[in-house]
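Here's the structure we're looking at; comments come further down.
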Amino acid sequence: MKKIIYLAILFPFMLSAQQSDVTVSKAINRIAFGSCSQQNLTGNQLWSEINATNPDLWIWLGDNVYSDGIDMKQRRKDYDLQKSHPDYKLLLKQTEVIGIWDDHDFGVNDGGKEYPMKDESKEELFRFLDVPDDHPARARKGAYQSYTYASKQGAVKIILLDARYFRDSLKWNNPGTAEKEALVNENGDVLGEVQWKWFKEQLSEEGVDLFILGTGIQVIPTQHRWEKWSNFPTARKRLMEVISSANAPLVFISGDRHLSEVSRVEIEDYPYPVWEFTSSSLNSPSGLKEDLNKYRVGDKIHVPNFASMEIDWKTDKPVLQLRYYGRNNTELGQHSIQFE
Ligand SMILES: [Fe+2]
């Protein structure tokens, strides 16, 4: 132990944590994900459709319940209602479930670090997700987490970024009206320094074949008037610089929008295009028709949906088959992603 302390003082970089919070020897071939589920609409959930796709993993991308406010008893009640749905219970039995929050389960609409109950709220999120007591994310501030699933076929690493706990405030044009529009916070931050450092280290893990980066709000789209990483241009630029250090292909997955779409962008110093798969909402679509996104590939989806990503490990670089499904497992969209 003495030797480790000595090395840590002399060479702190040597002991940087590149391993995931959780590393599991397990083949992951199909990942389902989604966001924005009104827990009160118990007869209107997609859990049986999600179970029918037999995923190896389900990822919550925020608004896992709608529970704004500072009443933690209510928060727990809302999570418990979500968790008590028989088809969700079946999912929990059959499938590993992980997740991150967005604003309405964090506790305040479009909120950030100013929310006073963020630690208490994190406890409720982790209780809902059954995050074990010895999980490293329990011992730090914020809800960010990472998971590596490795098998003979390849290793997929999932990094769930917390875009709420440390996020600087956001100002709005026409707040409280139907025309409200997020303003740019030029130098505002999203992740906070501790999470940035952790994130960069996580991306440097050796032996990863595919990184999946989860964040509630969208990363690539820049034109819509709602919350998005581009409301914080300095932080978004930093995000793109950090991901360009990844030595394997990566995709973002996101929620929040109450519509689903695929976005694609090329960035400097990174050999692959960057993709983002947005899936929202599980049961409360926006009905929004006008929504500009110059990075969109294919059509946007406006009905309740979830996403299912199949990873084909047969080639040198993994090939992804992304499908969006709606009620009765109706296929709503399909994309094949290759990393050349
Ligand atoms: Fe939502």
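The values are calculated or read from the model by the stated rules, or taken from the named source; none is laboratory data. Predicted model, so just to flag it, every value in this text is computed and none were measured. Note that we place each Cβ from the backbone using ideal geometry, even for glycine, and neighbour counts take in every protein chain shown. Note: areas computed on protein heavy atoms with side chains; ligands, DNA, RNA excluded. Shrake-Rupley method; radii C 1.70, N 1.55, O 1.52, S 1.80 Å.
What is the one condition in (1) assigned to a loop (DSSP other than H, G, I, E, B); (2) surrounded by fewer than 17 Cβ atoms within 10 Å (Cβ to Cβ) that SER67 does not satisfy?
Unmet for SER67, out of (1) assigned to a loop (DSSP other than H, G, I, E, B); (2) surrounded by fewer than 17 Cβ atoms within 10 Å (Cβ to Cβ): (2).
Of all the residues that make up region 176-224, how many are basic (Lys, Arg) and over 24 Å from PHE33 (Cβ atoms)?
2
Mind checking which residues of region 250-272 are open to solvent by 10 Å² or more (accessible area, probe 1.4 Å) and away from the ligand (no atom under 12 Å from the Cβ)?
Selection gives ARG264, VAL265, GLU266, ILE267, GLU268, ASP269, TYR270, PRO271, TYR272.
Take region 91-127 and flag every residue that is within 16 Å of the ligand (Cβ to nearest atom), in a helix (DSSP H, G or I) and either open to solvent by 10 Å² or more (accessible area, probe 1.4 Å) or hydrophobic (A, V, I, L, M, F, W, C) (or both).
HIS104, PHE106, LEU125
Please identify the pairs in which a residue from region 169-190 that is farther than 23 Å from SER286 by Cα has its Cβ atom under 8 Å from the Cβ atom of a residue that is part of a loop (DSSP other than H, G, I, E, B) and of a type in the set (A, V, I, L, M), counting only partners at least 6 apart or on another chain.
Qualifying pairs under 8 Å: ASN185/LEU170; GLY188/LEU170; VAL190/ALA163.
To keep it simple, each residue is scored yes or no on (1) open to solvent by less than 20 Å² (accessible area, probe 1.4 Å); (2) under 22 Å from LEU213 (Cβ atoms); (3) of a type in the set (Ser, Thr, Tyr).
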| residue | (1), (2), (3) |
| --- | --- |
| PRO285 | no, no, no |
| ASP299 | no, no, no |
| ILE311 | yes, yes, no |
| GLY326 | yes, no, no |
| HIS335 | no, yes, no |
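For region 28-43, which positions are surrounded by 15 or more Cβ atoms within 10 Å (Cβ to Cβ) and in a loop (DSSP other than H, G, I, E, B)?
Listed by number, the residues that qualify are ILE28, ASN29, SER35, CYS36, SER37, GLN38, GLN39.
List pairs: first in region 30-43 and among the polar types (S, T, N, Q), second modelled with pLDDT under 95, Cβ under 9 Å, 6+ apart or cross-chain?
Qualifying pairs under 9 Å: SER37/SER284; GLN38/ASN44; GLN38/SER284.
Hey, VAL184 hits all of (1) open to solvent by less than 30 Å² (accessible area, probe 1.4 Å); (2) β-branched (Val, Ile, Thr); (3) over 21 Å from the mean Cα position of the chain (by Cα) but one; which does it fall short on?
With (1) open to solvent by less than 30 Å² (accessible area, probe 1.4 Å); (2) β-branched (Val, Ile, Thr); (3) over 21 Å from the mean Cα position of the chain (by Cα) applied to VAL184, the lone miss is (1).
Each row is one residue, and each column tells you yes or no for (1) hydrophobic (A, V, I, L, M, F, W, C); (2) under 17 Å from the mean Cα position of the chain (by Cα).
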| position | (1), (2) |
| --- | --- |
| LEU81 | yes, no |
| ASP87 | no, no |
| ILE100 | yes, yes |
| ASP103 | no, yes |
| GLU120 | no, no |
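Of the residues in region 27-66, how many are within 14 Å of the ligand (Cβ to nearest atom) and of a type in the set (A, V, I, L, M)?
3
Suppose we keep only residues that are among the aliphatic types (A, V, I, L, M) and open to solvent by less than 70 Å² (accessible area, probe 1.4 Å) within region 72-90. Which one would you say is nearest to the ligand (Cβ to nearest atom)?
Only one residue tops the list, namely LEU81.
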